[in-house]
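Inspection log for the structure reproduced underneath, given as structure tokens.
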Amino acid sequence: MVHGCPRCGDAPGVGVLCGACAGAIVPRDGLLPDHVRSTRARADAAGWLVDGFGAAHPIGVNATVGRGPTGDVIILDGSVSRDHAELTRGEGGWQLRDLGSRNGTQLDGQRVNGRALLPRRALVRFGDIAFVFIGDAVPLPDPGIRSIATGHAAGDAVFRYTMRGGEVELCLVGARNDTQAGGALLYRPHGQTAWAELSLPPLEFQLLRMLCDRALADSAGPTKVRGCVPTRQLARELPFQSRYANEENVRQVVRRVRASLASIGADGLVEAVPGRGYYLTWPVTT
């Protein structure tokens with residue numbers, strides 16, 4: 001068992017990494033520990049990808065990385081392609097290959113075009129998400145990184161709203177101070193621990209965010225108006241490209257949100273108060 005930082009040997013301070021090595025791969029705003037996971041058993045590791053939270057994810061000798069559900073390491077982030085990159089170990093050592101990803105793969109700060117030799121202690125970045133690569137089958141501890149499933153993962157730069165109803169649990173995750181960006185809607189059936197992700201564009205994401213904000217602010221208000229955001233306010237504050245967005249533009253966004261929610265089993269979450277606005281039918285917690 002490796003007891004020091006697997007990259008430099010110093011005392012661990014962030015998961016399995018020391019503070020300096022973790023500082024080289026700080027997670028971007030909006031990324032949470034549950035967004036990165038491995039499908040391979042730790043005992044079968046031929047190498048490791050260690051994320052910015054200090055969690056070590058085992059990989060095999062032919063490992064794929066991406067947003068899709070079948071890779072060795074799954075990264076639920078919009079900057080990562082479904083099939084993003086491949087890491088392979090051969091007689092000449094490890095190689096890294098970008099699989100035509102949209103946002104590219106970097107090795108020690110340089111973009112990978114085609115294949116590249118992969119040093120055993122390199123810094124690798126898939127889209128916006130960085131890792132320390134450990135190219136040895138050394139046993140690394142599981143530091144028990146706290147996840148959103150335990151309710152302890154949100155930091156000052158990230159907000160998290162949880163909604164439970166019907167047959168699924170939802171978690172809206174995004175950057176706290178960015179009201180123009182899209183973000184992630186995590187979902188899972190009740191009783192399960194693993195999250196799946198639905199990436200939402202800015203208008204749909206910010207609509208849900210505004211409805212969650214109001215639901216919490218009005219939690220003690222009268223039932224008939226609790227959590228309702230006026231349509232005119234949505235038209236004024238949602239990040240439409242036009243300064244002259246109207247109520248019909250809001251209705252179109254609501255239709256898209258409802259379709260997205262229906263696709264993951266969350267029908268009926270967004271409802272209307274005729275002539276007034278929209279609200280969430282499920283309880284919202286932080």
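Considered as a group, the residues in segment 1-53 that are touching a residue at least 60 places away in the same chain (Cβ under 8 Å), of a type in the set (D, E, K, R) and within 22 Å of Trp195 (Cβ to Cβ) include one that is surrounded by the most Cβ atoms within 10 Å (Cβ to Cβ), and that residue is Asp51.
Scanning segment 266-281 turns up no residue that is in contact (Cβ under 8 Å) with a residue 24 or more places away in the chain, part of a helix (DSSP H, G or I) and surrounded by 13 or more Cβ atoms within 10 Å (Cβ to Cβ).
Here the condition is being of a type in the set (Val, Ile, Thr), in a strand (DSSP E or B), touching a residue at least 40 places away in the same chain (Cβ under 8 Å) and surrounded by 14 or more Cβ atoms within 10 Å (Cβ to Cβ); of Val80, Val65, it holds for Val65 alone. The C-beta contact set for segment 210-233 (first residue outside any helix (DSSP H, G or I), second residue among the small types (Gly, Ala, Ser) and at pLDDT below 75, distance under 8 angstrom, 6+ apart or interchain) comprises Gly227/Gly221. Scanning segment 232-264 for residues that are loosely packed, with under 13 Cβ neighbours inside 10 Å and within 19 Å of Leu200 (Cα to Cα) yields a count of 6. Restricting attention to segment 256-265, the residues that are assigned to a helix (DSSP H, G or I), hydrophobic (A, V, I, L, M, F, W, C) and in contact (Cβ under 8 Å) with a residue 24 or more places away in the chain add up to 1. Across segment 97-144, the qualifying residues are those that are touching a Ser or Thr at 6+ places or on another chain (Cβ under 6 Å) and in a strand (DSSP E or B), and the one among them that is surrounded by the most Cβ atoms within 10 Å (Cβ to Cβ) is Phe126. Can you name every residue in segment 91-109 that is of a type in the set (Lys, Arg) and modelled with pLDDT of 95 or more? Within segment 91-109, just Arg97 meets the criteria.
Out of Leu172, Leu186, one residue alone is open to solvent by less than 40 Å² (accessible area, probe 1.4 Å), in contact with an Asp or Glu (Cβ under 8 Å, 6 or more places away or on another chain), assigned to a strand (DSSP E or B) and in contact (Cβ under 8 Å) with a residue 12 or more places away in the chain. It is Leu186. Of all residues assigned to segment 254-268, none qualifies as being over 20 Å from Leu172 (Cα atoms) and among the basic types (Lys, Arg).
Table: residues versus (1) among the β-branched types (Val, Ile, Thr); (2) over 22 Å from the mean Cα position of the chain (by Cα).
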site	(1), (2)
Pro6	no, yes
Thr39	yes, no
Trp48	no, no
Ala56	no, no
Ala85	no, no
Gly104	no, no
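The values are calculated or read from the model by the stated rules, or taken from the named source; none is laboratory data. Predicted, not measured: the structure shown is a model, and the values here were computed from it. So basically every Cβ, Gly included, is an ideal-geometry build from the backbone, and we count neighbours across all protein chains shown. Please note that ligands, DNA and RNA were not included when accessible areas were found on the heavy atoms of the full protein model with its side chains. Shrake-Rupley method; radii C 1.70, N 1.55, O 1.52, S 1.80 Å.
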